[in-house]
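In what follows, a single structure is set out as structure tokens and then discussed.
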Amino acid sequence: MHLLDVAALGREGLEAILALSEAPDLGRPLAGQGVALVFQKPSARTRNSMEMAVVQLGGHPVYIQKDEVGLGVRESAEDVVRTLACYHAVVAARVKDHRDLERMAAVSPRPVLNMLSDRSHPLQALADLLTVKQLRGTVAGARIAYLGDGDNNVCRSLAEASLLLGAELTVASPQGYALTGVDGVRQTADPAEAVEGADFVYTDVWVSMGQDGEAEARTAALAPYQVDAALMARCPGARFLHCLPARRGEEVTDAVIEGPRSAVWRQAENRMHTARGALAWLMGARA
């Protein structure tokens, strides 16, 4: 059993992980065992939330930098995961190319967990929906507006999770930045239309790691999608979400991210709780 994409979990798997994420005591299913954390791309939230989640389940996290394994260069993805599976109960990887995760999962005798790829970010989507559930009481029927670059891993996983649990997601993005690969999500080019009646307004950075050469073009195209006080005034009951890190003054203003309707720090904390739930689920725990 692996966790590479939210869609592959299905409704039952997604609900099970969210339930485990809120369980008061999951015991120590990783007692005396290691979890390999392979990072081709760095991350503050992913490393810290995953390491603490492993510790809380009784295990030992091992942080592995990209040069230590040379995924796909020094060693093939298959050989890397076969080696790590000799020592660890779970192999988690944050990679540039989703196909590396698929190759690892195809041969690994241990569960493989996607900590981020170019295609999807399931751990972020789990934290997002746990935050929605905590603030609203239920995910079903929640109206979420996502503004900015819709064709990225965060939006794609959020869309898959929303469809599975009955949330209504609207993605607002300019031409050339629309969400692809997920059917059944409402899309528009108008940010004001997207946030009308929204319970949550979500955005992400306009320029991610590896996109620095596109910064000028992306900023120009996405500037009308900034989440500011005027936009939030169109949905007075909505809470603000952001996967972080944020570039204040670009995709969101200080007034919004620091305001009373911002839930980004609860969302960030939930990265740890849902990582714990996902690891426990991979180890066979059920709430």
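Residue pairs, Cβ under 6 Å, 6 or more apart or interchain, first in region 270-287 and surrounded by 24 or more Cβ atoms within 10 Å (Cβ to Cβ), second modelled with pLDDT under 95. List them. From residues that are surrounded by 24 or more Cβ atoms within 10 Å (Cβ to Cβ), there are no pairs.
Listed here are the residues, each with its yes/no results for (1) out of contact with any helix residue (DSSP H, G or I) (no Cβ under 8 Å at 6 or more places or on another chain); (2) aromatic (F, W, Y); (3) assigned by TED's automatic domain parsing to the domain that holds N153.
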{"position": "P61", "(1), (2), (3)": "no, no, no"}
{"position": "D67", "(1), (2), (3)": "yes, no, no"}
{"position": "T83", "(1), (2), (3)": "yes, no, no"}
{"position": "V90", "(1), (2), (3)": "no, no, no"}
{"position": "R94", "(1), (2), (3)": "no, no, no"}
{"position": "D97", "(1), (2), (3)": "yes, no, no"}
{"position": "V107", "(1), (2), (3)": "no, no, no"}
{"position": "T131", "(1), (2), (3)": "no, no, yes"}
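Scanning region 147-175 for residues that are hydroxyl-bearing (S, T, Y) and assigned to a helix (DSSP H, G or I) yields a count of 2.
Checking each residue in region 207-243 for being among the charged types (D, E, K, R), touching a residue at least 40 places away in the same chain (Cβ under 8 Å) and in contact with a helix residue (DSSP H, G or I) (Cβ under 9 Å, 6 or more places away or on another chain) picks out R234, R239. Entry remark, region 6-46: residues being within 15 Å of the chain's Cα centre (by Cα) and within 22 Å of V139 (Cβ to Cβ) number 9 in total.
Going by what's in this entry, would R74 be described as exposed (fewer than 15 other Cβ atoms within 10 Å of the Cβ), more than 28 Å from L158 (Cα to Cα) and either of a type in the set (K, R) or in contact with an Asp or Glu (Cβ under 6 Å, 6 or more places away or on another chain) (or both)? Taking the combined requirement at face value, the residue satisfies it.
For (1) of a type in the set (A, V, I, L, M, F, W, C); (2) out of contact with any Ser or Thr (no Cβ under 7 Å at 6 or more places or on another chain); (3) surrounded by 23 or more Cβ atoms within 10 Å (Cβ to Cβ); (4) assigned to a loop (DSSP other than H, G, I, E, B), each residue gets a yes or a no:
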{"position": "G13", "(1), (2), (3), (4)": "no, yes, no, no"}
{"position": "A19", "(1), (2), (3), (4)": "yes, yes, no, no"}
{"position": "P24", "(1), (2), (3), (4)": "no, yes, no, yes"}
{"position": "R28", "(1), (2), (3), (4)": "no, yes, no, yes"}
{"position": "L37", "(1), (2), (3), (4)": "yes, yes, yes, no"}
{"position": "P42", "(1), (2), (3), (4)": "no, yes, no, yes"}
{"position": "R45", "(1), (2), (3), (4)": "no, yes, no, no"}
{"position": "M50", "(1), (2), (3), (4)": "yes, yes, yes, no"}
{"position": "V54", "(1), (2), (3), (4)": "yes, yes, yes, no"}
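Residue count for region 175-206 satisfying the condition of being in contact with a helix residue (DSSP H, G or I) (Cβ under 6 Å, 6 or more places away or on another chain), over 25 Å from R261 (Cβ atoms) and either among the aromatic types (F, W, Y) or surrounded by 14 or more Cβ atoms within 10 Å (Cβ to Cβ) (or both): 1.
Of the residues making up region 56-69, those that are exposed (fewer than 15 other Cβ atoms within 10 Å of the Cβ) and either of a type in the set (S, T, N, Q) or assigned to a helix (DSSP H, G or I) (or both) are Q65, D67, E68. Right, V252: touching a residue at least 40 places away in the same chain (Cβ under 8 Å), aliphatic (A, V, I, L, M) and more than 23 Å from L9 (Cβ to Cβ) or not? It is true that V252 is touching a residue at least 40 places away in the same chain (Cβ under 8 Å), aliphatic (A, V, I, L, M) and more than 23 Å from L9 (Cβ to Cβ).
Taking each residue of region 1-14 that is at pLDDT below 95 and looking for partners that are buried (at least 20 other Cβ atoms within 10 Å of the Cβ) and not acidic (D, E) with beta-carbon atoms closer than 7 Å, six or more apart or interchain, yields M1/P111; M1/L282. Suppose the filter is more than 21 Å from G237 (Cα to Cα) and modelled with pLDDT of 95 or more; does T170 pass it? Against the criterion (more than 21 Å from G237 (Cα to Cα) and modelled with pLDDT of 95 or more), T170 does not qualify. Considering only residues in region 78-104 that are among the small types (G, A, S) and surrounded by fewer than 24 Cβ atoms within 10 Å (Cβ to Cβ), the one that is nearest to D25 (Cα to Cα) turns out to be A89.
The values are calculated or read from the model by the stated rules, or taken from the named source; none is laboratory data. Note that the structure is predicted; figures quoted are calculated from it, not measured. Every residue, glycine among them, receives a Cβ derived from its backbone with ideal geometry; neighbour counts consider all protein chains shown.
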